[in-house]
1. Condition first: modelled with pLDDT under 50 and of a type in the set (A, V, I, L, M, F, W, C). Now tell me which residues in the stretch 1-41 satisfy that.
2. Is it the case that Arg540 is within 16 Å of ligand 2 (Cβ to nearest atom) and either modelled with pLDDT under 95 or touching an Asp or Glu at 6+ places or on another chain (Cβ under 8 Å) (or both)?
3. Can you name every one of the strands (runs of 3 or more DSSP E) wholly within the stretch 336-414 that holds 3 or more residues which are over 28 Å from Glu480 (Cα atoms)?
4. Scan the stretch 625-661 residue by residue and report those that are closer than 19 Å to Ala735 by Cβ and touching an Asp or Glu at 6+ places or on another chain (Cβ under 7 Å).
5. Determine which member of the set Pro754, Pro743, Pro710, Pro725 is out of contact with any Leu (no Cβ under 7 Å at 6 or more places or on another chain), part of a helix (DSSP H, G or I) and not polar (S, T, N, Q).
6. For the stretch 619-642, which residues satisfy the criterion of being among the hydrophobic types (A, V, I, L, M, F, W, C) and either within 11 Å of ligand 1 (Cβ to nearest atom) or surrounded by fewer than 23 Cβ atoms within 10 Å (Cβ to Cβ) (or both)?
7. Of the numbered conditions (1) in contact with a helix residue (DSSP H, G or I) (Cβ under 8 Å, 6 or more places away or on another chain); (2) at pLDDT 95 or above; (3) surrounded by fewer than 14 Cβ atoms within 10 Å (Cβ to Cβ), Ala735 satisfies every one except a single condition; which is it?
Amino acid sequence: MLEATPPDPLIPPDAEPFAAARRLFAKLRERLAAGNSSLAELTELIATELDIAVCSIYVARPGEMLELAATHGLRIGAVGRTRLRVGEGIVGLAAARGELMNLPDAQNHPEFAYRPETGEDRYAAMLAVPIRRAGRILGVIAVQNVEPRQYEGFEVETISTIAMLLGEILSAQGAGNIAPTGLGDSLSRRYAGHPLAGGIVRGRALPFGRSTGPRHVLADDPAVETDRLERAMAEAEQSLDALMADHLPKGHATREVLEAYRLISQGTGWLERVRTAIGDGLTAEAAVDQVGSELRRRMRKIADPYLRERLADVEDMIERMLSALGAGTAKPDDASGMILIVRRLGPAELLDWHRRGIAGVAIEEASSGGHAAILARALEIPALAVEAGATEAAQAGDTVLLDADSGALILRPDPEVTNLYDRALAARSERAAELSAFRDRPAETQDGTRLTLMLNVGLAFELDQLARTGAEGIGLYRTEIAALAAARVPGVAAQAADYRRVIERAGGQRVVFRTLDLGADKMLPGEAEDGVENPAMGWRSLRVGLDRPVILRKQLRALLMGAAGHRLSVMFPMVATVAEFRAARDLLEAEAAKLDERPTDIEIGTMLEVPALLFQLPGLLAEADFISLGTNDLMQFLFAADRGTPRLANRYDILSAPVLELIEGLAAACAEEEVGFSICGEAAGRPLDALVFAAIGVDTLSMSGTSILPVKAMLAATDLAMMRPVLRELRRAGAAGTSLREPLTGWAREHGLPI
Ligand code: PEP
Ligand code: MG
């Protein structure tokens, strides 16, 4: 399952011959070279060659109007008379949105605007494509047919290419233009978002659209264009090398992410499509642009986040190639203090913007596991996945507040909001300065209980956080993250090298490697199983590892090889029975027996995420060296409450009497049998929760890098001996399972704790 190759969304299922399109382009080239073709003749040529009933060209006129300028198929008397406002009718909508509309039954679309003078009531199918030039919309080309049907891929591509060509023609004729909707707005606007890399910044907006489109569309000689394409590819490659060499210090682990991106962007078959389009008579830049547009259309329909991110990488490459072909949009050399607002962004582009000094970035289509997000976190650029529309609504130079902590982008904020944020920023930097003092102090409560705080990480470069936070090792190394970033499970040698690097960077501190925990929300491209109702409880994680042991064995070998000469800690995820733990441990021991060079010491533990394991404790404690409680999964299985359903997010609380009783009992049982015990879910990183865990006998917590210092500060401020009786009383009162969070927060506030 894990090695399946995903279907390539860029390769159409049946490669169309494009013969009609090629013929049409050849004729268009002839007519344009002769220099005497009218728009009316062009509409006739297009309709005839493509066997389409109606082809019309609408041209932008002052006052946000579109006027029918030429048609083949509609009543000729409508030319110069039929006018639509931008946003009115299908044609107006295509112009307003700047997006093509492909409708099988346009007449029944709620926005359809009937104009009797055109005689268009016979036509059901309609494709309307905006005509752009340098980011401006100059008109719309629309084709129509009687039979209801969706226009096919090659027809959409051909009409889109003709729209590019019309962009050249209309701009040469000095056509007016329509600003996309939203521009000209001066009111404050707030866009919600999902934080990708934390931080709050204030700066100037830098909305950045895609390239303005090629200047020349049709070419005389495909061989010349192919040659230009190859050179542009080499140049795009070199510029990436140069970026990496100049801006990522040697050994900087984000290089791995960029390398993964490079493999992905070269491997999807889109170049083949570009070459075919050049063969059809397009210039290299028009061919790249056409494939890019098709890619964007397909991206919008793809639900799988990893596939979408993979496509974002390809789009990044396309933008770089358009630049190399002289068709890119100029970027400011100095973007310092600016907040980049874009629809999509790949890692190479982000690195390029980082070099130019951006202070933050908002991306409309991004996911937190995507390459751009991973890189943003590594480079510490505040980044937000923002809701759609922000790029369009932002104007260059607007004041912008990017709140990548609570998830908001505010364009043109009102003075009160700006003041509020300025105060928050000042308080933040004060707090950061206070917290940094805890880096070199041990994690200890006021009354001397010492805890071990460790890190949860997923990529080698995140180990920088060890030094930054003073954490004492890695309590959870999620090995699946690197596989997700690279969209595949790396081979044994590559994994072993990775693990060795991690161990070396940890400089002797303990690193707990968790074996691949793939499935449910962590799916490799192409792996999604149709019809599985509860993927979190499905065939995932260790279950796959045990049933198809090739991948697990390879990973265990890689871990043993990577840790040769060092201590190795391995932890298995999603264990539900002692028998499963034993089977996994046996695989590890069998692999170890085959190797000459071994780790100096091997400790083998398990995540405790499945409640059934709680009822097999004697057997488990006899066999496991350590147990780490995964609160994220344990809570969802314990309360039958999906961890990804926002409505359930606060319904059941870990700070409730039954769960605390469970944890306290587990910690005591582990201590009795001298089995290591830790908590590594998100709860461990919340200061109040961490404090409560410490109070009930947990001495090791593993959390994300940003939580270490706040948790240390909380521990240092608290006298556990004073807290315990309060907690005991609250637990007794909350025996019905209600949350203790509110009264505990009240108590913490009363005692001036840094909550
Ligand atoms: C957990 O379930 O608590 C855990 C740490 O694992 P993950 O979040 O990776 O599922
Ligand atoms: Mg888990």
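The values are calculated or read from the model by the stated rules, or taken from the named source; none is laboratory data. Values in this document were obtained by computation on a predicted structure and should not be read as measured data. Note: ideal-geometry Cβ built from the backbone for every residue, glycine included; neighbour counts use all protein chains shown.
1. Pass one, the stretch 1-41, residues modelled with pLDDT under 50: 1-17.
Answer for the stretch 1-41, where residues must be modelled with pLDDT under 50 and of a type in the set (A, V, I, L, M, F, W, C): Met1, Leu2, Ala4, Leu10, Ile11, Ala15.
2. Yes; evaluated as a whole, the condition is true for this residue.
3. Values: elements: 338-342, 360-363, 383-386, 399-403, 408-411.
Qualifying strands (runs of 3 or more DSSP E): 338-342, 399-403, 408-411.
4. Initially, the stretch 625-661 is screened for residues closer than 19 Å to Ala735 by Cβ, giving 635, 638-639, 651-661.
Listed by number, the residues that qualify are Ile654, Leu655.
5. Working: Pro754 fails: part of a helix (DSSP H, G or I); Pro743 fails: out of contact with any Leu (no Cβ under 7 Å at 6 or more places or on another chain); Pro710 fails: out of contact with any Leu (no Cβ under 7 Å at 6 or more places or on another chain).
Among Pro754, Pro743, Pro710, Pro725, only Pro725 is out of contact with any Leu (no Cβ under 7 Å at 6 or more places or on another chain), part of a helix (DSSP H, G or I) and not polar (S, T, N, Q).
6. Hits for the stretch 619-642 are Leu621, Ala622, Phe626, Leu629, Leu634, Met635, Phe637, Leu638, Phe639, Ala640, Ala641.
7. (2)
Conditions tested, residue by residue: (1) within 27 Å of Thr469 (Cα to Cα); (2) touching a helix residue (DSSP H, G or I) at 6+ places or on another chain (Cβ under 8 Å); (3) without any contact (Cβ under 8 Å) to a residue 60 or more places away in the chain.
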site	(1), (2), (3)
Leu638	no, yes, yes
Ser656	no, no, no
Ala671	no, no, yes
Phe677	yes, yes, yes
Ala695	yes, yes, yes
Ser702	yes, yes, no
Leu709	yes, yes, no
